[in-house]
Amino acid sequence: MSMQICEENRLRVYNLLIGCPRERERAARSEMQYFVGDLIGDEDLKISKTHVSGLLAARTSLDPIEVVHQLLEFAEENPYQFRFALRITPLEQCVEADLDAITEAAEELLHKIGEEETYRVTVRRRHTDIEHMDIVSAIANKVDREVDLDNADKHVWVEVVGEWAGVSVLNEEEDILSIMTMRDDQY
């Protein structure tokens, strides 16, 4: 399945973003197939290359945040089993890379930020003309919570990849798998 087909006809199919070393997408795909398809048991897992080197997009039929939690648990015991799939981010909404669509998707998830919780908007952009601060400002204008840029309880996480964007409300330490961070913490 080509990325072009995915972007044009199935914009809302991705719910995992997988970072890997450049030119190692095939190996990362195999790892993810093993971890999510075989170990966790998602027989319907679909993984696609993006037009960004070192980045895969996937669709799990399971809850993407729960998949990351299970992978985190496995990685805590076996961090060196992850050789190529080095960062896995769950995406709760996948929309067209348009400021209004991104803001609307974020708004639908803001209920996940408790009244007493702090937040921050985290944006990662690749191959897009949408400005970082435009995304941050548009979303921040919709959130009636205290901002904490250093130690937020929740992150409104936006990943823009060319023509599409993924949006989630996450606790960065609990909901995103970063193998390199885990390995650094062990030394």
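Every number in this text was worked out from the coordinates using simple rules, so none of it is lab data. Treat the numbers as computed from the prediction; the structure is a model and nothing was measured. Cβ atoms come from the backbone with ideal geometry, glycine included; neighbour counts cover every protein chain shown.
Here are the numbers for the structure shown:
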item	result
Cα-based Kirkwood hydrodynamic radius, the chain, one decimal, Å	16.8 Å
Long-range HN-HN contacts of ASP153 with modeled amide H, under 5 Å	THR118, TYR119
Förster radius 41 Å - calculated FRET efficiency between SER53 and GLU116 (Cβ-Cβ, nearest 0.05)	0.50
Mean ellipticity per residue at 222 nm, deg cm²/dmol - from DSSP H runs of n ≥ 4 across the chain, formula -39500 (n - 2.57)	-9000 deg cm²/dmol
Estimated vicinal HN-Hα couplings, Hz - region 154-165 in sequence order (Karplus 6.51, -1.76, 1.60; Gly, Pro = x)	10, 10, 7, 9, 10, 10, 9, 10, x, 8, 10, 9
Debye intensity ratio I(q)/I(0), log10, region 3-90, q values 0.11, 0.18, 0.23, 0.24 Å⁻¹ (C-alpha model)	-0.27, -0.72, -1.17, -1.27
Burial ranking of peptide ranges 90-100, 142-152, 156-166 (average Cβ count within 10 Å, highest at the top)	156-166, 90-100, 142-152
Karplus-derived HN-Hα couplings along region 41-48 (A = 6.51, B = -1.76, C = 1.60, θ = phi - 60°), whole Hz, x at Gly and Pro	x, 8, 6, 9, 4, 10, 10, 10
Amide hydrogen neighbours beyond the local backbone of ASN15, cut-off 5 Å, H modeled	ALA58, ARG59, THR60
Per-residue Cβ neighbour rank within 10 angstrom, fewest leading, TYR119, TYR34, TYR80	TYR80, TYR34, TYR119
Relative contact order of region 93-170, pairs being alpha-carbon contacts under 8 Å that are 6 or more residues apart, as %	45 percent
21 Å Cα-Cα reach of LYS154 towards lysines, excluding residues that sit fewer than 8 places from it in its own chain	LYS112, LYS142
In nm, spacing of pseudo-spin labels at SER61 and ARG22 (7 Å Cα→C-beta vector)	3.7 nm
Sequence-separation-based contact order of the chain, relative, with Cα cut under 8 Å and 6+ spacing, percent	25 percent
Net length gained if the chain between GLU174 and ASP129 were fully extended (0.36 nm per residue, minus Cα distance)	13.2 nm
Qualifying aspartates and glutamates (Cα of each under 13 Å from Cα of LYS49; at least 8 residues distant if same chain)	GLU7, GLU23, GLU25
The chain: antiparallel DSSP beta bridges as a percent of all, rounded to 5	75 percent
For LEU45, distant residues with modelled amide H under 5 Å away	SER61
Gyration tensor verdict on region 112-187 (Cα atoms; rounded if a/c is under 1.5, prolate if a/b is larger than b/c, oblate otherwise)	oblate
